[in-house]
Amino acid sequence: MVDESTRKTLSSIPLLKTKAGPRDSNLWGQRLKEEYLSLIKYVENNKNADNDWFRLQSNEQGTKWFGKCWYVHNLLKYEFEIEFDIPITYPTTAPEIALPELDGKTAKMYRGGKICLTDHFKPLWARNVPKFGIGHAMALGLGPWLAVEIPELIEKGVVKHKSNT
Amino acid sequence: MSENMEELFERIKALENELAEEKRKNEGSAQTRAKIKHMSSEVVDTNPYSRLLALQRMGIVQNYERIRKMTVAVVGVGGVGSVTAEMLTRCGIGKLVLFDYDKVELANMNRLFFQPHQVGQTKVEAAAITLRFINPDVEIDTHNYNITSVDHFDHFMNTINTSSINGGRVDLVLSCVDNFEARMAINTACNELNQKWFESGVSENAVSGHIQFLVPGETACFACVPPLVVAANIDEKTLKRDGVCAASLPTTMGIVAGFLVQNALKYLLEFGTVTPYLGYNAMQDFFPTMRLKPNVNCDDKFCRLRQSEYVAKPKIEKCEECVEEKPLHEDNEWGICLVDETVPEEYETKKSVAPGISQAYELPDQDIDFDIGAEADIDTNEQSLEELMSKMKSI
């Protein structure tokens with residue numbers, strides 16, 4: 001279901017405890033702290049493993065997230081803007097991560113640039129509510145998606161390196 | 001100079017007139033008929049309701065005109081929702097409340113209802129214009145937003161609660177959305193509001209679909225069990241997913257919309273039996289049905305509340321009218337009987353709920369699935385959220 005390296009990455013992302021979404025006004029603050037702690041640890045892990053590949057931040061309420069992710073292909077770094085909302089049904093349903101600038105450039109996206117996840121993602125997420133958070137969605141969702149899609153989009157010439165412009 | 005200006009003014013005026021003319025055409029107000037106060041059963045070419053009122057004459061429906069007092073919310077105005085809205089409009093529903101945040105695209109043209117000239121318009125607005133033209137008696141409200149977002153969910157709930165013709169709660173919610181998140185959001189709202197609703201869906205491979213009637217507390221809610229899938233009897237290994245997210249067919253969507261509205265009408269106008277779950281497998285033309293009880297341990301607290309309310313409520317005994325069980329033949333000298341020879345097919349990996357219907361995945365019995373030990377546990381006591389946010393920004 002999940003390959004060994006992903007499993008290893010996942011196991012180093014701290015699990016969350018609080019089952020609360022943005023409508024649970026009392027507990028959401030606690031959940032949000034857990035999200036940030038988990039994400040900070042994940043990014044630090046990535047940096048230590050020389051595999052730093054994204055940054056994220058949120059609005060004050062923690063309901064809108066935005067940031068950047070990078071993908072290195074043939075020694076060139078490609079950067080993309082990330083954005084997603086926390087749905088009111090979170091954490092029962094995972095956030096739908098979007099790369100708006102790639103909208104319309106690949107069939108493996110839903111409208112608005114939301115990435116198309118594998119058949120395994122949703123069952124795995126559902127089995128791990130409320131322990132999985134945004135970091136897990138990045139590791140299980142966006143990470144593998146970039147690894148499959150970006151090289152192909154570069155080969156096709158749909159995605160071009162920005163440094164020369 | 002002033003001559004130039006005058007010419008320009010005239011040109012502007014001409015263009016404004018042209019624009020007004022086009023707008024008028026778009027609204028269809030020029031060609032549309034006047035509103036009709038009461039549905040007439042008179043059979044004449046000019047009566048749009050004669051064939052519907054015939055249902056009453058034939059004894060299928062007791063009082064068809066009740067439909068004009070009824071309000072239905074349609075969430076998602078895509079391949080299924082737009083056809084659903086059109087069917088209800090043609091049936092003379094009192095009011096429709098449409099929700100969708102999407103725009104019409106050329107990629108939608110393999111489905112019914114929308115037309116190429118509407119590309120770029122919001123789906124709710126484009127739909128409202130067409131529907132008002134088809135039947136000006138129907139009142140139509142439109143809401144162009146994503147119901148799962150924090151900014152809009154409260155408005156969505158409030159709209160469901162106050163948008164009926166007389167300012168009360170709508171009579172029925174029809175879910176015609178295409179994703180799990182939106183279905184869960186509708187489920188959350190309907191459990192809180194104690195609102196009956198129908199869920200509908202077409203699989204991503206376009207060859208199966210389903211409708212489900214959800215009565216909070218009485219039937220399983222959408223969060224009670226993992227999503228159900230109608231077996232398409234396709235080997236997963238031969239199903240190619242390369243390069244695409246979803247396929248769609250106007251046929252499957254039209255069929256599902258038909259089932260959905262048929263059961264909505266049966267519920268609203270009280271005729272026939274409303275099917276609690278109806279699946280459609282297009283590959284074999286197989287239509288499984290079943291009933292699902294709510295899960296006492298459902299994650300949704302309002303579902304559990306509605307369940308306890310339902311248990312406490314005295315049950316209405318349904319009287320079966322004059323359906324006496326009589327043997328087809330008085331005597332059966334040779335003891336002949338019919339034997340069901342259909343072999344139930346087995347689906348090994350997924351938990352089967354009823355023949356031909358299984359859960360999309362199984363949930364763990366205990367809450368341990370991804371066992372990674374206590375070291376990764378989180379301690380949030382030390383830092384404030386602000387500190388954490390700025391730490392994240394500065395890494």
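Select from the stretch A:81-94 the residues that are more than 8 Å from every other protein chain (Cβ to nearest Cβ), buried (at least 20 other Cβ atoms within 10 Å of the Cβ) and without any contact (Cβ under 8 Å) to a residue 40 or more places away in the chain and list them in ascending order.
Scanning the stretch A:81-94 gives a single hit, A:F84.
Say we look at the stretch B:134-155 and pick out the residues that are part of a helix (DSSP H, G or I) and within 14 Å of chain A (Cβ to nearest Cβ); which of these is farthest from B:Q212 (Cα to Cα)?
Initially, the stretch B:134-155 is screened for residues part of a helix (DSSP H, G or I), giving B:134, B:150-155.
Checking the rest, the ones that are also within 14 Å of chain A (Cβ to nearest Cβ) come to B:150-155.
Numbers: B:V150: 26, B:D151: 28, B:H152: 25, B:F153: 23, B:D154: 25, B:H155: 25 Å.
Here the answer is B:D151.
Right, B:G79: within 14 Å of chain A (Cβ to nearest Cβ) and free of Cβ contacts under 8 Å to residues at least 24 places away in the same chain or not? Quick ask: steps written out before the conclusion?
Values: within 14 Å of chain A (Cβ to nearest Cβ): yes; free of Cβ contacts under 8 Å to residues at least 24 places away in the same chain: no.
It is false that B:G79 is within 14 Å of chain A (Cβ to nearest Cβ) and free of Cβ contacts under 8 Å to residues at least 24 places away in the same chain.
Residues that are among the aromatic types (F, W, Y): find the strands (runs of 3 or more DSSP E) completely inside the stretch B:167-222 holding 1 or more of those.
By residue number, B:197-202, B:208-214.
Listed here are the residues, each with its yes/no results for (1) over 18 Å from A:I150 (Cβ atoms); (2) surrounded by fewer than 20 Cβ atoms within 10 Å (Cβ to Cβ); (3) not acidic (D, E).
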{"residue": "A:I13", "(1), (2), (3)": "yes, no, yes"}
{"residue": "A:L27", "(1), (2), (3)": "yes, yes, yes"}
{"residue": "A:R31", "(1), (2), (3)": "yes, no, yes"}
{"residue": "A:L39", "(1), (2), (3)": "yes, no, yes"}
{"residue": "A:W53", "(1), (2), (3)": "no, yes, yes"}
{"residue": "A:E60", "(1), (2), (3)": "yes, yes, no"}
{"residue": "A:K64", "(1), (2), (3)": "yes, yes, yes"}
{"residue": "A:K77", "(1), (2), (3)": "no, yes, yes"}
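Checking A:H73 against (1) more than 9 Å from chain B (Cβ to nearest Cβ); (2) within 16 Å of the chain's Cα centre (by Cα); (3) touching a residue at least 24 places away in the same chain (Cβ under 8 Å), which test does it fail?
(2)
Out of (1) in contact with a Ser or Thr (Cβ under 9 Å, 6 or more places away or on another chain); (2) crowded, with 16+ Cβ neighbours inside 10 Å, what's the single condition that is false for B:M283?
(2)
Quick check on the stretch B:156-164. Is at least one of its residues within 30 Å of B:R24 (Cα to Cα), assigned to a loop (DSSP other than H, G, I, E, B) and not basic (K, R)?
Applying the first criterion (within 30 Å of B:R24 (Cα to Cα)) to the stretch B:156-164 yields B:159, B:163-164.
When the remaining residues are screened for being assigned to a loop (DSSP other than H, G, I, E, B), the result is B:163-164.
Within this subset, residues satisfying the condition of being not basic (K, R) are B:163-164.
Yes: one or more hits.
Bear in mind these aren't lab numbers, they're just calculated from the coordinates by the rules spelled out. Bear in mind the structure is a predicted one, so any value in this text is a computation, not a measurement. When we count neighbours, we look across all protein chains shown, and the Cβ atoms used for this are built from the backbone with ideal geometry, even at glycine.
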